[in-house]
Amino acid sequence: MLDETLRSVRMTFNRWLNQADDPEKILEQVIQEMQDQMIQMRQAVAQAIATHRRTERQCQ
């Protein structure tokens, strides 16, 4: 999951650099996208933990 996210960030960053007129703006956009992806990853981890705990309770 982390590798996929990093690959996505790199691709996005490279795309913006290729179209860049304002590097500062591009970096701000990359940071925002990374923060959004971090939120999504945290949500996915929380969901995985909840599923794991639910499965453990069902096994008991």
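The values are calculated or read from the model by the stated rules, or taken from the named source; none is laboratory data. In this text the structure is predicted, and so the values were computed from the model without any measurement. Ideal geometry is used to build each Cβ from the backbone, glycine not excepted, and the neighbour counts take in all protein chains shown.
Quick grid of which residues meet (1) surrounded by 11 or more Cβ atoms within 10 Å (Cβ to Cβ); (2) hydrophobic (A, V, I, L, M, F, W, C); (3) in contact with a strand residue (DSSP E or B) (Cβ under 7 Å, 6 or more places away or on another chain):
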{"residue": "Glu24", "(1), (2), (3)": "no, no, no"}
{"residue": "Gln32", "(1), (2), (3)": "no, no, no"}
{"residue": "Asp36", "(1), (2), (3)": "no, no, no"}
{"residue": "Gln40", "(1), (2), (3)": "yes, no, no"}
{"residue": "Ala44", "(1), (2), (3)": "yes, yes, no"}
{"residue": "Arg57", "(1), (2), (3)": "no, no, no"}
{"residue": "Gln60", "(1), (2), (3)": "no, no, no"}
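Quick one: would you say Asp36 is of a type outside the set (Ser, Thr, Tyr), outside any helix (DSSP H, G or I) and free of Cβ contacts under 8 Å to residues at least 24 places away in the same chain? Spelling it out, it is not the case that Asp36 is of a type outside the set (Ser, Thr, Tyr), outside any helix (DSSP H, G or I) and free of Cβ contacts under 8 Å to residues at least 24 places away in the same chain. Determine whether Glu4 is among the charged types (D, E, K, R) and modelled with pLDDT under 90. Criteria met by Glu4.
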